[in-house]
Amino acid sequence: MKKILVIHGPNLNLLGQREVSVYGSTTLEEINNQLAQVARENGVEVVFFQSNHEGDIVDRIGRCPADGFQAIVINPAAYTHTSVAIRDAVSAVNIPTVEIHLSNIYKREEFRHHSMLAPAAVGQISGFGVHSYVLGLLAAVKMINA
Ligand code: DQA
């Protein structure tokens, strides 16, 4: 079975209680459960990883080829706007990657308008709340089945 890694960046462990007006009231566990269901319906395996630490995310991406992942779906959260290291990790492993955001980052503060990761990703989905994750996972499934 094809395997997709879903990575959640910093503070996404606090979903459900964090800035509910921006990110909604769904918890990370509920999001992962929804994604697991979508994965089952689409015949793929999905594995989840959340970290508040840039280096841990870099390490996790770096192990993806050895672990046999065919695609990555990532919400880099605040590291979207700062991390050359995460972008370089994605470029290094050469595994198709979908960048997702719950909020529409282009509608928010100017510092959120730039994504360091975007040039290394296949594409970006931003602004659909929890549905951004579902759309991102479906995009990853399409890519690996293409
Ligand atoms: C986010 C947007 C980022 O700007 C922010 O730092 C986050 C979450 C989103 O999903 O909308 O933590 O990636």
Starting with the fewest neighbours, write out 95, 100 ranked by other beta-carbon atoms found within 10 Å of each beta-carbon.
95, 100
Separation of segment 6-67 and segment 125-146 by C-alpha centroid, Å?
13 Å
Residues 2, 142 arranged by fewest to most Cβ contacts within 10 Å
142, 2
Taking the inverse of the average 1/r across all pairs of different Cα atoms in segment 1-77, what Kirkwood radius in Å do you get?
13.1 Å
The answer for the longest stretch of the chain without any exposed GluC sites (Glu not before Pro) (DSSP loop, at most 16 further Cβ atoms within 10 Å) is 20-108
Would you calculate, for the chain, the mean residue ellipticity at 222 nm contributed by helices, counting each DSSP H stretch of 4 or more residues as -39,500 (n - 2.57) and dividing by all residues, to the nearest 500?
-11000 deg cm²/dmol
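Might you report the magnitude of the Cβ-based charge dipole of segment 82-146 about its Cα centre, with Lys and Arg at +1 and Asp and Glu at -1, to the nearest 20 debye? Intermediate results must be reported in sequence, preceding the final value.
On the way: 5 positive and 4 negative charges, 27 e Å.
Roughly 120 debye for segment 82-146.
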Proxy reagent accessibility, fewest Cβ within 10 Å first, across 141, 38
38, 141
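Bear in mind these aren't lab numbers, they're just calculated from the coordinates by the rules spelled out. Keep in mind it's a predicted model, so treat the numbers as computed, not measured. Backbone-built Cβ (ideal geometry, glycine too); neighbour counts: all protein chains shown.
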